[in-house]
Amino acid sequence: MTPTAPVLYFAYGSNMQTATFSGRRGIPFRRARPARATGWRLVLDKPPLVSIGEGFASIVPDTAAIVIGVVYEITAADLEHVDLTEGVLIDNYRRVQIPVTPLDAPEEVLHVHTLTSERRDPSLLPSDRYMGLIVAGAEEHGLPADWIAFLRTIPTRPESAESKRFRPVLDDVMRRRRDDDSDER
């Protein structure tokens, strides 16, 4: 696959928000479509690589569940950038292909890349800041009101001091990597 070949990526967490996906991660997209992944359940207890006392989003197999998110059309090179910034290369997540159904075309099935992790810690909750990003992304892309209402019911915790200290460092690393990638294109 060439670096500019189009690929589909299914986002279900903070990457649904354009400010996170295109802004913070620096990944442009050609198209964004709300979609449903049947047979998967959203969890928010994935531990981060650096212990900050908060949980992050993942999806896990569950035949009785669905996850609603956003399918982005991006390039193969940008999918590699997703892998890099989400820690796929160091087993923070693993990339899988799953079928999803666009909400605007329920007869259509798209085969997309997404990220999942078996790492879980039921003692972790997402921060209120992180859940705010997820809800903002869901609203931005017009996800169904009942899904947004569900997201709003997920228990949260205040953002940890560790997260507040670590985020600027991580942002700086991602910004430098994004700038390096731009220079190579």
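Throughout, read-outs are computed from the coordinates displayed, never taken from laboratory work. This is a predicted model, so every value here is computed, not measured. With ideal geometry, Cβ positions are generated from the backbone for all residues, glycine too; neighbour counts draw on all protein chains shown.
If you add up the charges near Ala138, with Lys and Arg at +1 and Asp and Glu at -1, over every other residue whose beta carbon is less than 15 angstrom from its beta carbon, what do you get? Intermediate values should be presented prior to the final figure.
On the way: positive: Arg33, Arg36, Arg152; negative: Glu139, Glu140, Asp146.
Surrounding charge for Ala138 is 0.
Each residue of region 5-14 in turn: what ³J(HN,Hα) in whole Hz from Karplus with 6.51, -1.76, 1.60 and θ = phi - 60°, glycine and Pro shown as x?
Rounded to whole hertz, the list is 4, x, 9, 10, 10, 9, 9, 10, x, 5.
With θ set to phi - 60°, apply the Karplus curve 6.51 cos²θ - 1.76 cosθ + 1.60 along region 136-141 and write out the HN-Hα couplings as whole Hz, x wherever there is a Gly or Pro.
After applying 6.51 cos²θ - 1.76 cosθ + 1.60, I find 4, x, 5, 5, 4, 9 Hz.
Could you tally the net charge around Ala5, taking each other residue with its Cβ under 13 Å from the Cβ of Ala5, Lys/Arg +1 and Asp/Glu -1? All intermediate terms of the calculation are to be shown ahead of the outcome.
Details: positive: Arg30; negative: Glu73, Asp78, Glu80.
Its environment carries a net charge of -2.
Tell me the label-point distance for the pair Ala19, Thr153, using the 7 Å Cα-to-Cβ offset, in nm and rounded to one decimal.
Distance between the two pseudo-spin positions: 2.7 nm.
For a quick check: sort Thr153, Thr114, Thr38 by the number of other beta carbons within 10 angstrom, fewest at the front.
On the way: Thr153 6, Thr114 25, Thr38 14.
Final ranking by Cβ density, sparse to dense: Thr153, Thr38, Thr114.
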